1. Within the stretch 37-66, track down each residue that is without any contact (Cβ under 8 Å) to a residue 12 or more places away in the chain and open to solvent by less than 50 Å² (accessible area, probe 1.4 Å).
2. Please find, among 394, 328, 372, the residue that is within 16 Å of the ligand (Cβ to nearest atom), open to solvent by 10 Å² or more (accessible area, probe 1.4 Å), aliphatic (A, V, I, L, M) and closer than 27 Å to residue 432 by Cα.
3. Of all residues in the stretch 118-157 being within 16 Å of the ligand (Cβ to nearest atom) and of a type in the set (A, V, I, L, M, F, W, C), which is farthest from residue 242 (Cα to Cα)?
4. Tally the residues that are farther than 21 Å from residue 345 by Cβ and among the hydrophobic types (A, V, I, L, M, F, W, C), restricting the search to the stretch 209-220.
5. Given (1) in contact with a Ser or Thr (Cβ under 6 Å, 6 or more places away or on another chain); (2) surrounded by 21 or more Cβ atoms within 10 Å (Cβ to Cβ); (3) more than 17 Å from residue 87 (Cα to Cα), identify the lone condition not met by residue 479.
6. Please report, ordered by residue number, the helices (runs of 4 or more DSSP H) entirely within the stretch 67-148 with at least 2 residues that are open to solvent by 10 Å² or more (accessible area, probe 1.4 Å).
7. Going by the conditions given, is residue 488 open to solvent by 60 Å² or more (accessible area, probe 1.4 Å), touching a strand residue (DSSP E or B) at 6+ places or on another chain (Cβ under 6 Å) and within 22 Å of residue 373 (Cα to Cα)?
8. Only one of 343, 282, 298 is over 30 Å from residue 401 (Cβ atoms), at pLDDT 95 or above and in contact with a helix residue (DSSP H, G or I) (Cβ under 7 Å, 6 or more places away or on another chain); which?
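The values are calculated or read from the model by the stated rules, or taken from the named source; none is laboratory data. Keep in mind that this is a model prediction, so the values were computed, not measured. As a convention, Cβ positions derive from the backbone with ideal geometry for all residues, glycine included, and neighbour counts pool all protein chains shown. Note: accessible area is taken over every heavy atom of the protein model, side chains too, but ligands, DNA and RNA are not part of it. Shrake-Rupley method; radii C 1.70, N 1.55, O 1.52, S 1.80 Å.
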Amino acid sequence: MQQTIAFVLVLLQFAFNADGALKNNGQFPRNFLFGAATASYQIEGAWNEDGKGQSTWDEFTHRIPSPVTNNDTGDIACDHYHRYKEDIKMAADLGLQAYRFSISWPRVLPNGYADTINEKGMQFYKDLVDEIVKYGMVPVCTLFHWDLPLKLYENGIDWRNEKIIDIFVAYSRLMIQNLPKVGYWSTINEPRVHCLRSYGDGKHAPGIAESGIADYQCSYVILKAHAKAYRMYKKEFPHYKAPFGIVIDCQWYVPATNSSEDIAAAERYYEFECGMYFHPISKGDWPDIVKKRIAHRSQLEGRSSSRLPQITPEDIRLMKGAQDYIAINHYFTIMAANAEEASYDEINYKHDVRVNLLNDPSWKISVLGWAICPFGVRELLKHLKEQYGNEPIIFAEIGVADDGTSLKDDIRTEYYQGYFCYILEAMQIDDVNVVAIIPWSLMDNLEWAKGYIYHFGLIGIDFYNDPTLTRRLKDSTYFYRNVTTTKRINCDNVK
Ligand code: NOJ
């Protein structure tokens, strides 16, 4: 009921904000962190150099025919492995206070296990962290941003198999021991996207398409692996100050109409997308509606138990409270409408959620079809605070794509201005504890199976026409540098 009221209030709030000016004073706190984010496979290249093992993404992008747009691969990507000093200087020149990167697990552990270390790979990350710290930036490190060691996969170990949990914990321990200067740790990037794409619809490596079964198993195993790594960190590294968490992607979902069915659809979608990961960590179990929906369909499919793995009392002890801060990736707002119950012959995530998604025709839409709705970020923040308490929140990613044809990227400047203003509104008016904004991305890079055609970077790279991969400043670079250095934003014209 409380949630229903919240969703109705969203609509009213939107109407209110459309007329009224924002009330914040334009000033972020002095200790606020502005950063930029990247991920190993999307930028590093050097896919087979210096003793690196292959990842599932190396194998996936080398398949013939290629599952990736334009047959693109991360073989070279931004060539960051060789140019990291230039890139970190560029990040410092942007005025950043934080830099988020991820570790390529097979670069450090070629076969995935912590007993065989590739020293050159380890050295790369030590040097990278030193370079970040040299410029006074806080290193924000993700242990797993989707590039699984191929050797593990070939041995039957991936995120569907609980055997991965201890192997991941051993890898995490090793990295934490070796990178003591990291300022924020996170275990896994976007478990939802990873599980749905890699094990649900098969559009990401390793390409398993078992929607409604393998994706849920993946979510369960990932949550346990995260929680076990968290417990290990707390027990074995009590002297480390760096907060430890997991990066969860969470958009904002508004009902398509004010019918009770659509309001319930928006709530349901939120719980399937975000609650599925936040809830076990904050409260110890799956959200009720998720459990009910999957159990209901499982039963009518003639199964003796739910397709959703059960969280046991032992799991609850492990998972509940297993984070020091909330890290979210947020990009857009979407409308949810109630859908008809689909036939029980077909098993998939979409039928479990039973929601149709659409954009409001008045919304501005990016090349990826994602709606630019700054008001949504404030609503999400209020909701997170209401649901999970006022823990510190980091935006580990936030951003917009364009086609990269111009360095005059007005859409990105407009996006950031709007979103930053609404985040500040949530901080100052709703008292939400946001401590950092780390946009995606420092520079254009490989957008996974979509190749190099979508550009998210604050710094531009023309992958198709410029073999030198020269980094070029965009208009949004200058805009962002002004925000990072002054910690001020002008919200006068933001609606
Ligand atoms: C989420 C992912 O973490 C990142 O790898 C991806 O490139 C961006 N969002 C944009 O889709």
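1. Result: 66, single match.
2. Numbers: 394 fails: open to solvent by 10 Å² or more (accessible area, probe 1.4 Å); 328 fails: open to solvent by 10 Å² or more (accessible area, probe 1.4 Å).
Among 394, 328, 372, only 372 is within 16 Å of the ligand (Cβ to nearest atom), open to solvent by 10 Å² or more (accessible area, probe 1.4 Å), aliphatic (A, V, I, L, M) and closer than 27 Å to residue 432 by Cα.
3. Within the stretch 118-157, the first condition is being within 16 Å of the ligand (Cβ to nearest atom), and the residues that meet it are 140-148.
When the remaining residues are screened for being of a type in the set (A, V, I, L, M, F, W, C), the result is 140-141, 143-144, 146, 148.
Working: 140: 9, 141: 10, 143: 14, 144: 17, 146: 22, 148: 24 Å.
Selected residue: 148.
4. Qualifying residue count, the stretch 209-220: 1.
5. Among (1) in contact with a Ser or Thr (Cβ under 6 Å, 6 or more places away or on another chain); (2) surrounded by 21 or more Cβ atoms within 10 Å (Cβ to Cβ); (3) more than 17 Å from residue 87 (Cα to Cα), residue 479 violates only (2).
6. Numbers: elements: 80-93, 105-108, 119-134.
Once the helices (runs of 4 or more DSSP H) in the stretch 67-148 are filtered for at least 2 residues that are open to solvent by 10 Å² or more (accessible area, probe 1.4 Å), what remains is 80-93, 119-134.
7. Values: open to solvent by 60 Å² or more (accessible area, probe 1.4 Å): yes; touching a strand residue (DSSP E or B) at 6+ places or on another chain (Cβ under 6 Å): yes; within 22 Å of residue 373 (Cα to Cα): yes.
So residue 488 fits the description; yes.
8. Working: 343 fails: in contact with a helix residue (DSSP H, G or I) (Cβ under 7 Å, 6 or more places away or on another chain); 298 fails: in contact with a helix residue (DSSP H, G or I) (Cβ under 7 Å, 6 or more places away or on another chain).
Sole residue among the options that is over 30 Å from residue 401 (Cβ atoms), at pLDDT 95 or above and in contact with a helix residue (DSSP H, G or I) (Cβ under 7 Å, 6 or more places away or on another chain): 282.
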